[in-house]
Structure formats: structure tokens, C-alpha cells
Amino acid sequence: MTRTRTTCPYCGVGCGVEARVEGGALIAVAGDEAHPANRGRLCVKGAALAESQHHQPLATQAAIDGRATSWRSAVHEAARRFGKVIAQDGPDAVAFYLSGQLLTEDYYVANKLMKGFIGSGNVDTNSRLCMASAVAAHKRAFGEDVVPVSYDDLEAAELIVLVGSNTAWAHPVIYQRIAAARAARGTKVVVIDPRRTATCDIADLHLPLRPGSDVALFNYLLTWLHDQGHTDQGFVTAHTQGAENTLHSARADVAKAAEHTGLSEATLEAFCELFAARRRTVTLFSQGVNQSDQGTDKANAIINCHLLTGRIGIAGAGPFSMTGQPNAMGGREVGGLATQLAAHMDFGAADRDRVQRFWQAPAVAYGPGLKAVDLFDAMAAGTIKAVWIMGTNPAVSLPDSGRIAQALERCATVIVSDCAIDTDTARYADVFLPALGWGEKDGTVTNSERVISRQRALRPATGTAQADWATICEFARALGFRRGFNFESPAEIFREHAALSAFENDGDRQFDLGPLAALSDDEYDALPPTRWPLNGPAFPEQRYSTASGRAQLVPVTQQPLASEAADTFILNSGRLRDQWHTMTRTGHTPRLFAHTGRPSIAL
């Protein structure tokens, strides 16, 4: 029996797993006590990984138009069809739709191929649905997409505010850490959620606000803190900009805060007093904030409160965006969103030139590509004629599934690569490519607290399935881009990714993995969990990645919900505790239905 340290493939907590393999089969898993994310803890999904592996039907065979073929033939046919579209309609007629299930090395080569060699910005990811709002808010406030806290801050906090997060179900190990801190240190917990969820079991205060009214709530908190003398004027003067305008904008919401939120004045006052009395405050927010047409403003309303009171850059304090998937952060690092280039760079002239010179690329995209929903709208309209969907199931996970089905039907060429043999999306594939799944893949992921961890192979590949990075590189070479895609290992890709992050950086970007660019293959294989920045905390000496070096308070105001009307039910989605996303990997495991046997609606 062998024991291998790897990383759980589910949520953004990024738990370390010790996997036990015997005779080529995964027989048991346990939490890795040495991993900083979970320190030996696992949730029920992580604990059932061995069973899930046994029950999940894996993809083993490539196919073209429903007929089985070799992997190489399928890759070259996919490239032929993509190349034909590019030749006839230009690079913006094709797109990649990626996934937080991909490893960073997979993400890197996909982004490099589309944005640097094909020459289009049309690379987006299912992480768009859960993290793009937080990314935009971080960039507005800090100048860079950096989460300025770690899980250790949860143990150091005096107050933890959970906003739009059923942490007990969505990030169970984080919930366990919060509950343990509360029991040991008396940490106060506030839950802000329209529903009373399982997370409220440890709450000292629950604010059942009206759905979508988070901006009004945090604007009320901001102005209350200022009026009651809780502004950290020294911090605001030395390290921020925009406080006066932000306070003026927020004040417009104060008179209507109770009306907007549906909360009593007494409840609002109790929340404000709790926040004011505890300097070491972490505000953890997740999909209830991000998955909204006002998601970015909600996140900035939260960040504003931390900046006004100096609750950032000290142990136990800061705004904390929790990612949904195991590598949503890694995808952001390499530019997996349509609005980014690579290595926390954008589409400005200087960044484009820098990336083009580093990659020696022929055709770096001139600007952002289509975002996830827009991308599928363009497929339905016929302007995107070829798409490659990697490791995700948008036929179920994207909003308005009927429209997504139409888009997939109308798109001339749909390529799907997945480890699952039969997904709702794979049924639309003109070319299907079997991909390695967890336990077969080898590479890195980055969790919500900026910790890079290794995901290691535990067993040989199933059938003809290949690593996503290897498939992308073969596809690139078939398109004629041989230079730049002759990688032979994930370690080689990681070294290039790390080198790009340091290229002409000079401290301008917090994301800098430069020292890791010299890792040998053996050092990469043994890489322990590693948080960036590598040389210390994020934003040392409170210098931010903005032009002025100061954090920005951003004026935001409460807006009506897009669907708000007098005769409209407001529906909030949730998840089954023990299932994962569209259930293609967990839905075959009987144990994971023990908690809830069927979906339900709560009125």
C-alpha cells in the first residue's frame, strides 16, 4: 500500500488529503494533518472520495460525431474544425469555456493558446458564475485580485460575519474551524442570509435580510461607524482614497436601510454595535454576494467598511471572498477569465506588450473576450461557430438552461473534454475527448487563501484519457503552433507560469512566483502547500497595487433587483450538503444521499 498526499477536488477550501492506494486502486482517504487548510479535517464529500472513485463512470474513449475513435484522431479533427472556422470567420468566432476543476497547468496552456496564439479573448470559465464579482471588487479596491486574509485569521478573529454563505454546507471544513474558534475563544458569529440555514446554528445574530439588499445593509453600517466615531482616521488618511465620496453616496441609503433590508432598526443597531466593538473582524462572503447583478457593488460595500475602520492587514481582520471550486483562484492567476490576460495582467498596451514578448506570441488578443453568458448567447446567435468546453457541465450549471441547450444545438462545432462519460453537455459534443479525473491528474491548484497545493496522480489513466494540458498542446500543434506548446510535463508548464508572474514585475503585482520558476522536477513533485506572496503577507506596509499605492473606497448605492416586481416570488438557490455541483461525480455514490434523498423547496 502506498500513501500519497494530494488535494481534494471539490470546494475552494482546498483540503489536503492523504490517499491510500493498494493494487492500483484507491482504498481509503484521510485528512492530511500537515496541510494548513484543513489540518486533518475532511467533510463528508472529501471523506467519501474513495467510494466516489469506485462508483463514477469514467470516460475512456474519444469520439467524433458519436463514433468511437483514437484520441489523436479526435484531437486533430477538433483542430481541423476550429482551424476552418478561424480561417473563414476570424479568431473571434471560436471560444474556450473552462472550469475551476482544471489544474493551473491546464488553465495556463489553454489561456496561452487562445489569447496569445489564436489571438482572441474568448476564454472564460464557470468560475465566472461565482467569482467574477469578487475579482472586479478586489481590483477596484486594491488594484489587483488579491484576497487579503488567510484561514488562520478565522482563529484570530473576535467577530466573524458570514454573508451570503451557508458555510456549514458549502465549505464545511471552514465551518468546523469557525465553530472550534467560537468554542475555544468566544468568537462572535453573525450570519447574514435571507434563509435560516444550518450555518445559523452557531450564530450569535442572524440577519434575515431581503434578498439582494446587501449594499443597503453595509452602507448603513459604514455611515453608522463613521457617525459613531469608529473611523480609523490615521489608516484612512495614510492608506486610502475615496472615503468622503463613498460616505456621501452611502448616506443616501441610510434613511431607507430598514425598508430596503426588511430588518428592524433594533437588529441593524445590534449588528453595528457588534462590528464596532471588535476590531479583529473577518467578513467572509460567498455566492449570496457574488451571484448577483449587483455582486461587485455588494463586495465593495463590504470592503469599504473594513477600509474605513482599518480592519485589514492585521491578524484576524479583513474581507474574505470564499471561492466555490478547488482551482477558481488558480484560474484567475493565469488569466482564465475573459477580462484578464495572464499573471494578474490586463489588456492595456504595456501588459499586452509584456505578455507578447514573454510568450513570443504572434497575435495577443487586443481586448477582453465574451463572458460566460454572453459567450453562449453568441453561440445561439451564430457568431461563435466553434467552442471547446473543458471539465464543466454548462447545460445544467448556467442560468436559463433551455437557452443554453439551444446554443449548444445551434453551434456548428462543439468539442467537449471531460472525465465523466455522460454529462448533459457531452450529449451535444461533435468531438468528445476523454480527460483525466481526480486521482489520475498531476499538477497544482490554488485555494481561497492563496495556497498553492499539489494534486498528485494516484493511479494510471483510464482507457485513452489524457491530461487536459497534453490535449491542449496536441491541439495547438495541430493548428500549427508548435513553438510554445512542446511541454512534456506539468512541472515544465508550472515553471513557465511562475516565470511569467515575475517577468518585469518589480513589485507592481503581488502575484509573483518568481522563485518557483527554478524548481526541478523533483522539487515540483515534492512542493509543499505554498502561499503567495512568497516573501510575506499580502500588501506589506499597507501599500496596494493601485497607481497611488492606496486602497480605494468605492461609492456604491442600493439598486432594485433586476427581477423585482410586486407580484414576483424571489427565489434563492442552494445546494444539497453532500453533493457537488451538477452531481456528475458525486451522484453515483449512495452514501452521499444519506443526508438528503431528494431536492426540496422552502417557502
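Things worth noting here:
- Restricting PHE271, PHE285 to residues that are surrounded by 24 or more Cβ atoms within 10 Å (Cβ to Cβ) and in contact (Cβ under 8 Å) with a residue 60 or more places away in the chain narrows the list to PHE285.
- Conditions (1) within 24 Å of ALA420 (Cα to Cα); (2) at pLDDT 95 or above; (3) of a type outside the set (Val, Ile, Thr); number of the one not met by GLN88: (1)
- Filter result (surrounded by fewer than 24 Cβ atoms within 10 Å (Cβ to Cβ) and either farther than 17 Å from GLU265 by Cα or touching a strand residue (DSSP E or B) at 6+ places or on another chain (Cβ under 8 Å) (or both)) within the range 210-222: PRO211
- The sole residue among ALA461, ALA517, ALA491 that is among the aliphatic types (A, V, I, L, M), assigned to a loop (DSSP other than H, G, I, E, B) and more than 16 Å from LEU113 (Cβ to Cβ) is ALA461.
- Residue match in the range 471-490 (condition: surrounded by fewer than 15 Cβ atoms within 10 Å (Cβ to Cβ) and either of a type in the set (Lys, Arg) or under 24 Å from the mean Cα position of the chain (by Cα) (or both)): yes
- Looking only at residues of the range 51-65 that are out of contact with any Lys or Arg (no Cβ under 8 Å at 6 or more places or on another chain) and open to solvent by less than 70 Å² (accessible area, probe 1.4 Å), we find that the one that is nearest to ILE452 (Cα to Cα) is GLN53.
- The set of residues in the range 504-528 being buried (at least 18 other Cβ atoms within 10 Å of the Cβ) and in contact with a strand residue (DSSP E or B) (Cβ under 9 Å, 6 or more places away or on another chain) consists of LEU513, LEU516, TYR524.
- One residue from ALA338, ALA301, ALA315 being at pLDDT 95 or above, part of a loop (DSSP other than H, G, I, E, B) and open to solvent by less than 10 Å² (accessible area, probe 1.4 Å): ALA338
- The single condition among (1) in a helix (DSSP H, G or I); (2) touching a Gly at 6+ places or on another chain (Cβ under 8 Å); (3) within 13 Å of MET390 (Cβ to Cβ) that VAL109 does not meet is (2).
- Condition met for SER501 (open to solvent by 20 Å² or more (accessible area, probe 1.4 Å), small (Gly, Ala, Ser) and under 26 Å from the mean Cα position of the chain (by Cα)): no
- Taking first residues from the range 582-597 that are free of Cβ contacts under 8 Å to residues at least 40 places away in the same chain and partners that are in a loop (DSSP other than H, G, I, E, B), the Cβ contacts under 6 Å between residues at least 6 apart in sequence or on separate chains come to THR596/LEU576.
- Taking the conditions (1) crowded, with 24+ Cβ neighbours inside 10 Å; (2) basic (Lys, Arg); (3) in contact with a Ser or Thr (Cβ under 8 Å, 6 or more places away or on another chain) in turn, LYS112 satisfies each one other than (3).
- Candidates VAL146, VAL135 - the one that is modelled with pLDDT of 95 or more, in a loop (DSSP other than H, G, I, E, B), within 30 Å of ARG550 (Cβ to Cβ) and open to solvent by less than 20 Å² (accessible area, probe 1.4 Å): VAL146
- Matching residues, the range 149-167, being open to solvent by 10 Å² or more (accessible area, probe 1.4 Å), touching a helix residue (DSSP H, G or I) at 6+ places or on another chain (Cβ under 9 Å) and under 17 Å from LYS188 (Cβ atoms): GLU155, ALA156, GLU158
- Conditions (1) surrounded by fewer than 24 Cβ atoms within 10 Å (Cβ to Cβ); (2) in contact (Cβ under 8 Å) with a residue 24 or more places away in the chain; number of the one not met by GLU409: (2)
- From the options PRO368, PRO394, PRO362, residue that is more than 19 Å from LEU337 (Cβ to Cβ) and either open to solvent by less than 10 Å² (accessible area, probe 1.4 Å) or of a type outside the set (D, E, K, R) (or both): PRO362
- Tally of residues being more than 28 Å from the chain's Cα centre (by Cα), of a type outside the set (A, V, I, L, M, F, W, C), under 29 Å from ASP374 (Cβ atoms) and open to solvent by 30 Å² or more (accessible area, probe 1.4 Å) across the range 67-99: 6
- Residue within the range 385-398 that is more than 24 Å from the chain's Cα centre (by Cα) and charged (D, E, K, R) present: yes
- Test: ALA538 is under 30 Å from ASP65 (Cβ atoms), in contact (Cβ under 8 Å) with a residue 40 or more places away in the chain and out of contact with any His (no Cβ under 6 Å at 6 or more places or on another chain): no
- Qualifying residue in the range 448-468 (condition: among the aliphatic types (A, V, I, L, M), farther than 30 Å from VAL29 by Cα, modelled with pLDDT under 95 and open to solvent by 10 Å² or more (accessible area, probe 1.4 Å)): no
- Members of the range 223-253 found to be open to solvent by 40 Å² or more (accessible area, probe 1.4 Å), in contact with a Phe, Trp or Tyr (Cβ under 9 Å, 6 or more places away or on another chain) and in a helix (DSSP H, G or I), listed by number: HIS239
The values are calculated or read from the model by the stated rules, or taken from the named source; none is laboratory data. Computed from a predicted model, the values in this text were never measured in an experiment. Positions of Cβ are generated from backbone atoms using ideal geometry, with glycine treated the same way; all protein chains shown enter the neighbour counts. Side chains included, ligands, DNA and RNA excluded: accessible areas come from the protein's heavy atoms. Shrake-Rupley method; radii C 1.70, N 1.55, O 1.52, S 1.80 Å.
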